[in-house]
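Data first, discussion second: the structure below is written as structure tokens.
The values are calculated or read from the model by the stated rules, or taken from the named source; none is laboratory data. As the structure is a prediction and not an experimental result, all values here were calculated from the model. No Cβ is skipped: glycine too gets one built from the backbone with ideal geometry, and neighbour counts run over all protein chains shown.
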Amino acid sequence: MNRSVQGAGILFILILAVMCPWFMGKFHIYLLTEIMIYSMLGLSYYLLLGHTGLLSLGHAAYFGIGGYTTALFLHGMPGVPVSLTLLFGAISGLLAGFLIGSMVLRLTKIYFSFATLAFGQMVWAIAWKWRGLTGGDDGLTGWSAREFVFPFLGRFSLTHVTFLYYFVLLITVITIGVCWCFTRTPLGNTLAAVKSNPTRTNFLGININAAKLMLFGFTGLIAGLSGSLFILFKKMVAPNFLDMFMSFDVVVMSVIGGYSSFLGPIVGSFVYVYMVEYISAVTDRWQLIMGVFFMLLVLFYPKGLVGMFKDVLKRRIFLKRKVCS
Amino acid sequence: MTPILRLNGVSKHFGGIRVIDDVNLEILEGERHALIGPNGAGKSTLFNLMTGFYSPTRGSIHFKEKRIDGLAPYKIIRLGIARSFQIINIFKGMQVYENIRNAVVAKHHYSLMFDRMLGSLNEVRKETEYILSRIHLKPFQNELAGTLGYGQQRALELGLTIALDPELVLLDEPGAGLTPDETREIVRLIREVTAGKTLVIVEHDMDVVFDLADRISVLNRGTILATGTPEEIKRNEAVKEVYLGSLFEEKPLWQER
């Protein structure tokens, strides 16, 4: 694919996304908002797994920490503007990324994965047990009366579905752009080198643990921001926002879309959310069907849907060339 | 001349096995120093000690009067030492151009920078192209490194090492597995790209060693048997016995029969 085709594709999707609320029902707008939030979470996960090759099993921790931080400010400090609480959520994700990263990054391979799982569960246990702060299994809620206040634009209620859709769309587009740029900075390139050959990277005089720690901070920031948006969207926060099943959902979405491609988590979250929505409307056993679908994909297309699409495209071009010659 | 690298009573034990035993070695500034010895003598282990892959059980290593044993590899590399590997160790899944660029970015200490795009760093691009032309891999710059021929991968391995522009270059069997023609080519290349630098080279091909080296150290069972000029080493009785013997006999064994 050349650049102009790519650019046209991106522009088309953007225009489509802006126009969605004009011809789609509230139900779909609601789902699309959820998909965009999951996309951001999945994208931060792509940077870890697909770009750097770090299999983290506790990624929901940053998501939940961002969510709880925002919820605590919304819940306990009515004076703080809503947009500022989002910023606090993102920063808390960043700090959590640095903190957990500094402890798990001395490990590699499966030990690393299990350490991240352990820290994820630890964060979940805190959210579950510390009733005084987090509300325990009831979670926190009760801020739906809060409003976004923008200079010049006016006030918007948090319960306004279309407003929230546009707000999340804006942040998602910015996040995707920032993540894309990140992979093209020297640091992003270094992380790709770490995935390709960590020993050689080290023997080029690069402190790979520092690079990974910075990555942890960055993915924590993005995940924290998406968690903050998620609780605005759900109008509550509960411990199941950061339990291990949430972490596994992120992995499943990434694998469905293709964990090693940038677009993978975005496509993956789209397919995942819609599949769950429609299958669970038909049967309570939706997890069984999702499980079979997931296994088939892993067995026959480990590169995911984006990988499948790329292969099909390559084959088409190959066939065309054959016809020409 | 002053020593650029000094090993003082260095030992390395793995469990009860003394792989390196009380090695004293001085590498002089600007010289080409070859490290030879039979298989298992500890040549690669010595390299791994010099670059921080292992830290010595006893003894000290100084690089330009700074103690480096026990430092992390990346810190040692940053002081001005670079190494190649006996088994090819390149970024196989990345393009040849990207391979060299990784090293150039590292040399400029840009590796952790995230406020600028990699493509906007002009000096990095220029330097990468320069290194590529020096190792004669420019025509292959867009190929994946893993798809290169073996000899070209050896050249790339060398390129990754010299792209760091180190003062001290450590080459671990740069000619391993090459044909005689390719070996001649890589020796010419090594001579060319290490001009003005200090070189320590491990090599089994004696033609290469005696052709290239100013001084030679012979390692056997973890100790230095002898250090000297190629002529001295050729004449050394102890060295003949353990290593060179069969190579420098007046008559090959099969003629005596």
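For the reader, a short list of remarks on this structure follows.
- In this structure, B:Gly159 does not satisfy being assigned to a loop (DSSP other than H, G, I, E, B), in contact (Cβ under 8 Å) with a residue 24 or more places away in the chain and not hydroxyl-bearing (Ser, Thr, Tyr).
- Some residue of the range A:199-209 being among the small types (Gly, Ala, Ser), within 7 Å of chain B (Cβ to nearest Cβ) and not in a helix (DSSP H, G or I): yes
- Qualifying strands (runs of 3 or more DSSP E) (wholly inside the range B:1-108; at least 3 residues being surrounded by 16 or more Cβ atoms within 10 Å (Cβ to Cβ), away from chain A (no Cβ under 14 Å) and under 14 Å from the mean Cα position of the chain (by Cα)): B:32-36
- The range A:189-198, subset more than 7 Å from chain B (Cβ to nearest Cβ) and under 24 Å from the mean Cα position of the chain (by Cα), residue surrounded by the most Cβ atoms within 10 Å (Cβ to Cβ): A:Leu191
- On the stretch given as the range B:171-192, residues that are within 13 Å of B:Glu157 (Cα to Cα) and not acidic (Asp, Glu) total 7.
- Total residues in the range A:198-240 satisfying the condition of being at positive phi and not small (Gly, Ala, Ser): the figure is 1.
- If the condition is being among the basic types (Lys, Arg), within 13 Å of chain A (Cβ to nearest Cβ) and surrounded by 15 or more Cβ atoms within 10 Å (Cβ to Cβ), then the range B:110-165 contributes only B:Arg125.
- Within the range A:22-48, residues that are free of Cβ contacts under 8 Å to residues at least 24 places away in the same chain sit with their Cβ atoms under 8 Å from residues that are assigned to a helix (DSSP H, G or I) and of a type outside the set (Asp, Glu), at 6+ positions apart or across chains, in these pairs: A:Met24/A:Leu32; A:His28/A:Cys20.
- Hey, A:Ser247 among the polar types (S, T, N, Q), outside any helix (DSSP H, G or I) and in contact with a helix residue (DSSP H, G or I) (Cβ under 6 Å, 6 or more places away or on another chain) or not: no
- Among residues of the range A:48-71 being hydroxyl-bearing (Ser, Thr, Tyr) and outside any loop (DSSP other than H, G, I, E, B), the one that is farthest from A:Pro198 (Cα to Cα) is A:Thr70.
- Tally of residues being outside any helix (DSSP H, G or I) and surrounded by fewer than 23 Cβ atoms within 10 Å (Cβ to Cβ) across the range A:210-244: 3
- Unique residue being facing another protein chain (nearest Cβ under 8 Å), of a type in the set (Phe, Trp, Tyr) and within 23 Å of the chain's Cα centre (by Cα) when the list is A:Phe182, A:Phe216: A:Phe182
- Output for the range A:183-198, where each listed residue is outside any helix (DSSP H, G or I) and touching a Leu at 6+ places or on another chain (Cβ under 8 Å): A:Thr183, A:Arg184, A:Thr185
- B:Lys66 at pLDDT 90 or above and either in contact with an Asp or Glu (Cβ under 8 Å, 6 or more places away or on another chain) or farther than 20 Å from B:Glu127 by Cα (or both): no
- With a requirement of 2 or more residues that are at pLDDT 85 or above, under 22 Å from the mean Cα position of the chain (by Cα) and under 30 Å from A:Leu191 (Cβ atoms), the helices (runs of 4 or more DSSP H) lying completely within the range A:72-167 that satisfy it span A:82-104, A:109-129.
- Scope the range A:91-138; condition under 18 Å from A:Tyr62 (Cβ atoms), surrounded by 19 or more Cβ atoms within 10 Å (Cβ to Cβ) and small (Gly, Ala, Ser); matching residues: A:Ser92, A:Gly93, A:Ala96, A:Gly97, A:Gly101, A:Ala115, A:Gly120, A:Ala127
- Being within 14 Å of chain B (Cβ to nearest Cβ), buried (at least 18 other Cβ atoms within 10 Å of the Cβ) and without any contact (Cβ under 8 Å) to a residue 60 or more places away in the chain is a condition met by no residue of the range A:167-179.
- Among the criteria (1) over 18 Å from the mean Cα position of the chain (by Cα); (2) farther than 30 Å from B:Ile90 by Cα, the one A:Ala210 does not fulfil is (2).
- Screening A:Tyr272, A:Tyr278 for residues that are out of contact with any Cys (no Cβ under 7 Å at 6 or more places or on another chain), exposed (fewer than 15 other Cβ atoms within 10 Å of the Cβ) and modelled with pLDDT of 90 or more leaves exactly one candidate, A:Tyr278.
Results for (1) of a type outside the set (Lys, Arg); (2) out of contact with any Lys or Arg (no Cβ under 9 Å at 6 or more places or on another chain), shown as yes or no for each residue.
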site: B:His109; (1), (2): yes, no
site: B:Val124; (1), (2): yes, no
site: B:Ile135; (1), (2): yes, yes
site: B:Arg154; (1), (2): no, yes
site: B:Val169; (1), (2): yes, no
